[in-house]
Amino acid sequence: MNVGRQQREETPMTGTQPDHRSVVTTEIPAHGGSLEADPYPTQAVRPIVTVQQHILQEQKRFPGASGEFSWLLSGITLATKMIQAEVRRAGLTDILGSHGNVNVQGEVQQKLDVYANEVLMHCLSVRESIGILASEENERPLTVNLHSPHAKYAVIFDPLDGSSNIDVNVSVGTTFSILKRPDGETTGDVTQWVLQPGSRQVAAGYIVYGSSTILVYTVGNGVHGFTLDPLVGAYVLSHENMQMPTQGIYYSVNEAYQNDFPPGYVKFLNRLRSGEMGHHYSSRYIGSMVADFHRTLLKGGVFLYPPTVSNPRGKLRLLYEANPIAMIAEQAGGRATNGKSRVLDVQPGDIHQRTPLIVGSTVEMDELEKVLQKS
Ligand code: FDP
């Protein structure tokens, strides 16, 4: 196991030492054993569970787990701590504004997009278990350690989602999806590694850089949320076993495009507004998918980015936006569709493929399906 390395990554990055009178981390047993028993229960300390400890527990579900998966995920936690530090200081350093380049999507890259991408690439490329890194910001996947016998995973990510919100101090996020090298794949065929349906994700998650920094992840065994404690420099378990409410009070959509939506979506939105579903829904739209989804996960309701006249295939990207969000939604008891089928069943044909995405609570998703079927 790489426990020593993992523990180092959870040490404070700020130089500020934790206040041991009020906060203590439960020691990670060298054998990765139970975290439940607090060996030193006192009233003066508040035991915390870090994301690293949690991952070590979770990976025990995988037969023969060697610790490499938790080492891989620690690359994500380290990188996102670095990104959040830059986001928090964004107005003070020369990091706001456009970088001057246009990415593969034809979008102007922000300086923070580029920074976030480089940090993730840097932190993940040294993990030997990763063979491929694919990002929204790179046209082609990057092969790293591809031919190492230890390389088992492809990590696909959007380093900074919602970047049009960066300059105005509104929440942004990072999304990630982890796929396993397909069984029997020996040639290092990048396409086979990356173009797998979302149902094959072995882990997925996101980080919201909002009023606090929150990491939400799943390895297919429920959804767990961790808030970054800036004094300790660690993601600390704050939302265990998250469950999406079965019905919410908000819908989240860019209403400016309503005239461009297929008629079924307009009918559905009208039903939400009309009170026919038990109450009149309110609208909330941030324009950062991660932040809009995070609210939907906590409060229930529905987030929609339907097809439009200008984006008939939707705007959001299947592999690194829709798939991780869909896996988390399903693991939390919600659902995700592209309007025709379950998002996680879609066989991708291209790394940067776009998709419509409608994700939310069961009551709203049932209703959407009914309305779309009739339209
Ligand atoms: P952004 O372009 O600012 O990066 O997929 C990217 C995304 O933001 C999502 O985060 C967000 O939900 C959506 O696009 C916003 O698009 P609209 O401005 O068309 O509503």
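Per residue, the convex hull spanned by the alpha carbons of region 324-372 comes to 67 Å³.
Per 0.36 nm of contour for each residue apart, how much would the distance between VAL45 and ASN311 grow if the chain were fully extended, relative to their Cα-Cα spacing? Spell out each step's value before the answer.
Numbers: separation 266, 0.36 × 266 = 95.76 nm, distance 5.31 nm.
Net length gain for the segment: 90.5 nm.
Between GLU139 and THR191, the modelled label-to-label distance comes to 1.7 nm, taking each label 7 Å out from Cα in the direction of the beta carbon. Were the residues from ASP260 through ARG200 laid out at 0.36 nm apart, the gain over their Cα-Cα distance would be 18.3 nm. Each distinct pair of alpha carbons in region 195-312 adds a 1/r term; the inverse of their mean, the Kirkwood radius, is 16.2 Å. At a threshold of 8 angstrom on Cα-Cα distance, excluding pairs fewer than six apart, so keeping six or more, what relative contact order does region 281-344 reach in percent? Contact order relative to length: 20 percent.
If the segment from ASN270 to LEU231 were pulled out straight at 0.36 nm per residue, it would be longer than the present Cα-Cα gap by 9.4 nm. Computed over all pairs of different Cα atoms, the Kirkwood value for the hydrodynamic radius of region 265-375 is 14.2 Å. Take the solvent-accessible surface of the protein heavy atoms, probe 1.4 Å, and return the percent of it on region 178-331 that carbon and sulfur atoms account for. That share works out to 48 percent. Listed by chain and number, the lysines whose C-alpha is less than 25 Å from the C-alpha of LYS370, apart from same-chain residues fewer than 8 away, are LYS267, LYS299, LYS315, LYS340. Accessible area per residue for region 104-262 is 39 Å², calculated with a 1.4 Å probe on protein heavy atoms, without ligands, DNA or RNA.
The values are calculated or read from the model by the stated rules, or taken from the named source; none is laboratory data. In this text, all values refer to a predicted model and were calculated from it rather than measured experimentally. Positions of Cβ are generated from backbone atoms using ideal geometry, with glycine treated the same way; all protein chains shown enter the neighbour counts. Accessible surface is based on the protein model in full, side chains and every heavy atom, while ligands, DNA and RNA are left aside. Shrake-Rupley method; radii C 1.70, N 1.55, O 1.52, S 1.80 Å.
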